[in-house]
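Working notes for the structure below.
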Amino acid sequence: MWPAEFDYTRPSSVAEALQLLSDNEDAKLLAGGHSLLPAMKLRLNEAPLLIDISRIEGLGSISNNGSLKIGALCTHAEIAASADVQSSCSALATATGMVGDQQVRNWGTLGGNVAHADPASDPPTVLVAFDANINIEGASGSRSVAASDFFMDLFTVDLEPGEIITSIDIPDHPHEGCAYVKMPHPASRYAVVGICVVLHRDGGSCSGAHVAVGGATVRAMRSPGAEAALRGSSLDDAALDAAAAALKDDIANDLIGDMSFPEAYRQEMAGVYLKRAVKAAGG
Amino acid sequence: MAVVGKAVKRKEDPRLITGEARYLEDIKLPGMTHIAILRSPHAHANIVSINSERAAAVPGVIGVFTGQDFMDVNPLPCPWPAGGVDNNLNTPRALEVEKVTHVGAGVAVVVAEDRATAQDAVELVDVEWEVLPAVTDAEEATFDGAPQLHENAPNNVCMEWDCGDQSGTDAALGSSDVVVKQRLRNQRLIPTPMETRGCIAQHEAVNGEYTIWMTSQAPHVHRLLFTAFIFGVPENKVRVISPQIGGGFGAKIFMYPEYVLTTALSKKVGRPVKWVETRSENYIATTHGRDHVTDVEVGANRDGTITGLKVRTYANLGGTLSTVAPGIPTTLYGRMLSGAYKLPNIYCHVTGVYTNTGMVDAYRGAGRPEATYVVERAVDLVASELGMDPVEVRRKNFVPADSFPYEPSGNLLNGLSYDSGNYDKALDMALEMTGYEDFRAEQAAARAEGRYLGIGLSTYIEICGIAPSAWMFGEGWGAALWESANVRMHITGDVVVTSGSQSHGQGHETSIAQLVADELGVSMDQVHVQHSDTLGTPFGYGTYGSRSTAVGGVAVWRSLQRIKEKARAIAAHEFEANVDDVEYVVNDEGVGVVQVKGSPDQSKVVGEFMGIATSAAGGWDLPGDMEPFLDETAYYDPPDCTYPFGTHICIVEVDAETGNVGIKRYIAVDDVGKVINPMIVDGQVHGGIAQGVAQALWEGAQYDENGQLVSGSMMDYAIPRADLLPSFELGRTETPSPNNPLGVKGAGETGTIAATPAVVNAVVDALSHLNVRHIDMPLTPSRVWETIQSRSNGGNS
Amino acid sequence: MKISVNVNGSAQENDVEARTLLVNYLRDELGLTGTKIGCDTSQCGACTVHMDGKALKSCTCLAVQADGCDITTIEGLAQNGDLHPMQQSFWDNHGLQCGFCTPGMIMTTTALLADNPNPDEDEIRHGLEGNLCRCTGYHNIVKAVAAVAQAGGD
């Protein structure tokens, strides 16, 4: 399988990459290439120019100065293994550790993953649950977009042509437990449904919760209903049932499905996996 | 020092673990060109026009061709129509000319200097299509008003075929205590050998000879089809070579349009032509397997005795016929429906149907997994209806160990008989390995906690060593099925075996060498097994149907006997003894010697330099008019097939909340007759189990209503992965086959044949307390979950 | 485009088309055909090699992306004619049948043990999730990897 012909260039700075983007209208960015290249091989995607940003300095590190900053070029494997991520956002370590397989995780990047916005991919669900911000550079300067707003629809994100994702911030978010759980598709390993839960506890009761769902829906999205049902509860069975019911309601208009995993099934499983996520988060 | 029966490491492995083996894609020839094929995006369409101007203008393109350019090449043959009935045959051409009947049918080809250019240019071939309505379900395709694929096949029926005793079975079902009816879907599978198909053809204009490297499980058969059927040239004009082959599972037996196309193009462009299938092409252009819709009726009396089995099957054959497509759901399916049981009445009616889907042909078990699925599900349905333990129903109906040879009722096997078996023994061993009674207690306890554990059995038999030629001829097979082998002992004592079989993972180079080493008394290192090149090997029908040892191995064994006879005659001459007084023995060190009985000092090693090997090869002093060299060829056409059997037991846990099925344990006891290399046999069983489990739980080709293959890549079609499977627990009984001198039966397909019903039976067992009687495969989480939901709401199925 | 790649310890300089995949570069330019292509969608793992010490599906990487990197292929594992312990173990344990997935399996599992020298069966099976085999049912592959780990790795 050969992609259609293209030119290739490898800038060494974000500024240089931005200039290349503005000079070449249909150019595409290449980082790990693990979303783009398979599509180009199948000729489902093409570009006259690939701008390889994978060696730009400074986009590949993880730092923790109160909030967690993950460079866009960090690979899934690096994030999964990061002590900083494991301590402040363990669900993201879990989710990045479930992307594809070891070979894919070694080279696929978080920036590329969120830009591609496959609804069944694992990390976006966690980023939405943790109120992450996507940091973007463009010709007109930089901006930061909340993950909930960034993921707009199937493979559609708030990223203009000419813009580059440089890092992802996960604000300091003290919590008493978090988890990401998923039902993997038996072939692709993508999420049939993936749930991320972040729990705040006050003694025996839940003082607040963030709940995000992916896989079952067109985009990673929060469930205000489920969060409300968990808040103030003791995370008992009745509260979990109510949260599951609310989650299913919240996603009713955003479901996706296929012949093996129809929409209705995914909707039900979102409820089941919500309960499992709460339990995995220590609830 | 005998090596037969030992887990000898494989001789073929060093080249495979170092990357030195040469598969088809690894071969380059000087001046080689590359092609890309334009395939139909429509399941059913007329070709209105094809314009190749834009493609032809791409730099590096050598030529663009359509079906009109190959009208002098015959359509592909179908040498196995269903036996004894009329068949409405429709086979593909190198490229289709007027219409296409499935997505992926080739209609144009670009020849270019390199593969990327060919791929670029093929996108510029413009085809005008007249799209027609499509039908993908075999039964629906026979309904009035369904789209018609071929003029000569009204209602899309290729053939109607039956076997067994219709009136007897109807009468038996009418007078049985209970009759259970069930519709069973045996879904379509995509073979997916890890290596896709490919072909490199070279034509020498000066002598009109083709050399064809191709991914073939049966190089001699491919040559036969090329010469006698497709090009109409003598046999010596085509040489077929199978290089290292990366798995076949049946899909590499057949003649395909691309092989014909590549070969014809090599003559047209006067340069070698290479075609290597992409995985995307593989899923739409290589044959699929299974795809049956079956209504089964099984009758039984209250004591568990099965009185009759009636089977009505629609077999989906695809848009056109692959090479042996009609033979698979008829002979290899219907004739096996007695299973391991002494069933007094059996009847089977099969309708072979064209639909707008990819071609369906033999795949990993070929007809026998489908039959075993019907029989083993039917037995469980009886057990469930009668409230009996499925183990007891099986025991009650087994062919007793003292009844062999056993001929199934109603002339089901058309004159053949099961060779040997002890079905209770394998069942006993498997039950003991499992701890069956303990499991039933564990299951009850788990149920009380809301956990759904289940156990499923499959006490299967299969038909292997597919042959006798005369019998298969009567089944419609248009050729023979004997095998041949040549054994030569060189002047140094090294032995070269050439065989018409073809190894694509089975380890022939090792297991045949073990046979030779023991029989002749030479070391494993001295034996060299060669196969897969029609120029250097005797004719054989190839490797499939677990036949290479049971048929091809016996041809080797016969050659070895002739070598030994000749060695004795030479020794008698040298010792000035009577040949009847000379014996060929393999001594305690494993060395083959010829010696005069009773006088050990008159003895000579056979397989060494200056041994009998050298006497024979030198030819300086041979008796009478004896010809030089230890070089013997033998043919073998067996009197009957072989009939391996066994018991597989699967334990599953169904996640009640999600419907997800987890395999907790898998126990397999197989009896494949005498075992030459237990390591290789176990490996064959492991792989087969994985496939059988995967059919039950994950795999399934899905078409949408327009005939588009939805599961068209590995992203969607679930090939089993390591993390979805447990380690398997294997046991073995050994009941030799009396049908051949080696006592072997065949081991290539037992796992695939046995595993699928064992898993489905286990899942149904796990849900039996919810009155679940059957769920169609694949048992995906959503399907199982929906069943649980409907049952929990008080329904039935 | 000009690239410099260190392949199995040997420096290579080549001029490649930008769209050349690493696997095609290795196979067609360098003649290292041990690395296989089994799918179009980065699922099967037959093309697995090591890039800078990490397992990579070489069908999902451009040759130009490997510029300046160290690549190890199946041909580079054996040293001075001695098989790598993983190669030996696949042979000893019948971890292969048709052999087509084998180079990728061996490259993946050597990397797996480098990351986790003492995996249990479950970890080995999960470590193989990026590699498909249609012949062995994985049983003997798992056994082969466990045997290397037990013997103290590579």
Quiz item: Counting every Cα pair in the range B:552-595, what percent are over 14 Å apart?
Solution: 52
Quiz item: Mean 1/r over all different Cα pairs, inverted: what Kirkwood radius does chain B give, in Å?
Solution: 27.8
Self-check item: Overall dimensions of the range B:190-263 by Cα: Rg and Dmax, Å
Solution: 12.1, 41
Self-check item: For the range C:34-55, residues shielded by at least 20 square angstrom of accessible area compared with the chain on its own, probe 1.4 Å
Solution: C:LYS36, C:ILE37, C:GLY38, C:CYS39, C:ASP40, C:THR41, C:SER42, C:GLN43, C:MET51, C:LYS54, C:ALA55
Exercise. Work out the length of the dipole vector of the range B:214-350 about its Cα centre, built from +1 on the beta-carbon of each Lys and Arg and -1 on the beta-carbon of each Asp and Glu, and round it to the nearest 20 debye.
Key: 460
Quiz item: Once the whole set of protein chains is in place, how much accessible area is left on C:CYS59, using a 1.4 Å probe, in Å² to the nearest 10?
Solution: 10
Quiz item: Can you give the alpha-carbon Rg of the range C:2-76 over 2.2 N^0.38 Å, where N counts its residues?
Solution: 0.96
Practice problem: Along Cα→Cβ, 7 Å out, is where each label goes; now give me the distance between the ones at A:ALA146 and B:ALA446 in nm to one decimal. | Solution: 4.6
Quiz item: For the range B:466-562, what are the per-bin percents of Cα-Cα distances with bins 5 Å wide, up to the bin holding the maximum?
Solution: 3, 14, 25, 23, 17, 10, 5, 2, 1, 0
Self-check item: Solvent-accessible area buried by pairing A with C, both sides, nearest 100 square angstrom, 1.4 angstrom probe
Solution: 2700
Exercise. Please build a GNM for chain A, connecting alpha carbons under 10 Å apart, and tell me which residue among A:LEU20, A:LEU230, A:LEU199 fluctuates the most.
Key: A:LEU20
Exercise. Treating only the Cβ atoms of Lys and Arg (+1) and Asp and Glu (-1) as charged, compute the dipole magnitude of the protein assembly as shown about its Cα centre; round to the nearest 20 debye.
Key: 860
Quiz item: Could you list log10 I(q)/I(0) for the range C:85-150 at q = 0.15, 0.23, 0.25 Å⁻¹, which the Debye formula gives when each Cα is one point scatterer?
Solution: -0.36, -0.90, -1.09
Quiz item: Per-residue accessible area for B:MET255 at 1.4 Å probe radius, Å² rounded to 10?
Solution: 10
Self-check item: Long-range HN-HN contacts of B:THR33 with modeled amide H, under 5 Å
Solution: B:VAL273, B:LYS274
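Taking the inverse of the average 1/r across all pairs of different Cα atoms in the range B:260-308, what Kirkwood radius in Å do you get?
Details: mean 1/r = 0.0626 Å⁻¹.
It is 16.0 Å.
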Practice problem: State whether the range B:1-118 is rounded, prolate or oblate according to the following rule on the C-alpha gyration tensor (a ≥ b ≥ c being the square roots of its eigenvalues): a/c under 1.5 gives rounded; otherwise a/b larger than b/c gives prolate, and the remaining case gives oblate. | Solution: oblate
Quiz item: Dividing the convex hull volume of the Cα atoms of the range A:177-280 by its residue count, what figure in Å³ per residue is obtained?
Solution: 78
Self-check item: Per-bin percent of Cα-Cα distances, the range B:231-288 [5 Å]
Solution: 4, 13, 22, 28, 17, 12, 3, 0
Quiz item: So how far apart, in nm, are the two label points at B:GLU729 and B:ALA480 if each is 7 Å from Cα heading toward Cβ?
Solution: 4.8
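Using Stokes-Einstein with the Kirkwood hydrodynamic radius over Cα pairs, what translational diffusion coefficient do you get for the range C:6-154 at 20 °C and a viscosity of 1.002 mPa s, in µm²/s rounded to a whole number? Walk me through the numbers before you get to the answer.
Details: Rh = 15.4 Å.
Answer from the Stokes-Einstein relation: 139 µm²/s.
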Quiz item: Quick one: with all protein chains in place, what share of the accessible area of the protein assembly as shown is carbon or sulfur, to the nearest percent (1.4 Å probe)?
Solution: 47
Quiz item: On average, how much area does the Cα convex hull of the range B:207-357 cover when viewed from any direction, in nm²?
Solution: 12.1
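Take every Cα-Cα pair in the range B:303-416 and report what % of them are more than 24 Å apart.
Details: 2050 of 6441 pairs.
Of the Cα pairs, 32 percent sit more than 24 Å apart.
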Quiz item: Based on the alpha-carbon gyration tensor of the range B:391-526, what equivalent-ellipsoid semi-axes (square roots of 5 times the eigenvalues) come out, in whole Å, largest first?
Solution: 42, 25, 15
Exercise. Could you provide, to the nearest whole Å², the per residue accessible area of chain B with probe 1.4 Å?
Key: 31
Quiz item: Semi-axes, largest first, in whole Å: what does sqrt of 5 times each Cα gyration tensor eigenvalue give for chain A?
Solution: 33, 21, 15
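Anything in chain B that counts as a DSSP H helix reaching 20 Å or more along its axis (C-alpha) with Kyte-Doolittle mean of at least -1.0? List them, would you? Numbers along the way, then the final one.
Details: long enough: B:368-386 (27 Å, 0.13); B:554-575 (31 Å, -0.17); B:678-697 (28 Å, 0.61); B:750-766 (24 Å, 1.13).
Those that clear 20 Å and a mean of -1.0 are B:368-386, B:554-575, B:678-697, B:750-766.
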Quiz item: Any idea which of C:HIS94, C:GLN65, B:LEU767 is furthest toward the positive side of the dipole for the protein assembly as shown, if Lys and Arg beta-carbons carry +1 and Asp and Glu beta-carbons -1?
Solution: B:LEU767
Exercise. Using only the Cα atoms of the range A:7-52, each taken as one equal point scatterer with no solvent, compute I(q) by the Debye sum, divide by I(0), and report log10 of the ratio at q = 0.26, 0.32 Å⁻¹.
Key: -0.94, -1.20
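Could you tell me what % of all Cα pairs in the range A:139-230 have separations over 23 Å?
Working: 1627 of 4186 pairs.
Beyond 23 Å sits 39 percent of the P(r) for the range A:139-230.
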Self-check item: B:LYS597/B:SER417 FRET efficiency (R0 45 Å; Cβ-Cβ; nearest 0.05)
Solution: 0.70
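How big is the Kirkwood radius of the protein assembly as shown, worked out from every pair of different alpha carbons and given in Å to one decimal? All intermediate terms of the calculation are to be shown ahead of the outcome.
Numbers: mean 1/r = 0.0312 Å⁻¹.
Averaging 1/r across every pair of different Cα atoms and inverting gives 32.1 Å.
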Quiz item: In Å², nearest 100, what accessible area do chains A and B bury in total when the solvent probe is 1.4 Å?
Solution: 2100
Quiz item: For the range C:48-98, treating each Cα as an identical point scatterer without solvent, what Debye log10 I(q)/I(0) comes out at q = 0.17 1/Å?
Solution: -0.64
Self-check item: Length-normalised contact order of chain B in % [C-alpha pairs under 8 Å, at least 6 apart]
Solution: 15
Practice problem: Grab the alpha carbons of the range B:113-257, take their convex hull, and tell me the volume per residue in Å³. | Solution: 247
Quiz prompt | Residue of C:GLY76, C:GLY45, C:GLY31 that the Gaussian network model of chain C assigns the largest fluctuation, springs spanning Cα pairs under 10 Å | solution = C:GLY31
Exercise. Compute the Rg/Rh shape ratio of the range B:482-636: radius of gyration over Kirkwood radius, all on alpha-carbon atoms.
Key: 1.00
Exercise. Enter the mean number of other protein chain beta carbons within 10 Å of the beta carbon of each residue in A:91-100, as an integer.
Key: 1
Practice problem: Using only the alpha carbons of the range B:567-666, determine the length spanned along each of the three principal axes and report them from longest to shortest in whole angstroms. | Solution: 83, 32, 24
Quiz item: Given labels modelled 7 Å from the Cα in the Cβ direction, how far is it in nm from A:ASP84 to B:GLU20?
Solution: 4.9
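Applying 1/(1 + (r/R0)^6) with R0 = 45 Å to the Cβ-Cβ distance of B:MET626 and B:VAL233, what FRET efficiency is obtained, to the nearest 0.05? Provide the component values of the computation, followed by the final result.
Numbers: r = 38 Å, r/R0 = 0.85.
Efficiency at R0 = 45 Å is approximately 0.70.
Hey, any idea what the orientation-averaged projected area of the convex hull of the range A:65-170's Cα atoms comes to, in nm²?
Details: hull surface 24.7 nm².
Over all viewing directions, the range A:65-170 projects a mean Cα-hull area of 6.2 nm².
The values are calculated or read from the model by the stated rules, or taken from the named source; none is laboratory data. Just so it is clear, the model here is predicted, and its values are computed rather than measured. Here Cβ is always computed from backbone atoms with ideal geometry, including for glycine, and neighbour counts include all displayed protein chains. Accessible surface areas use protein heavy atoms only, side chains included; no ligands, DNA or RNA. Shrake-Rupley method; radii C 1.70, N 1.55, O 1.52, S 1.80 Å.
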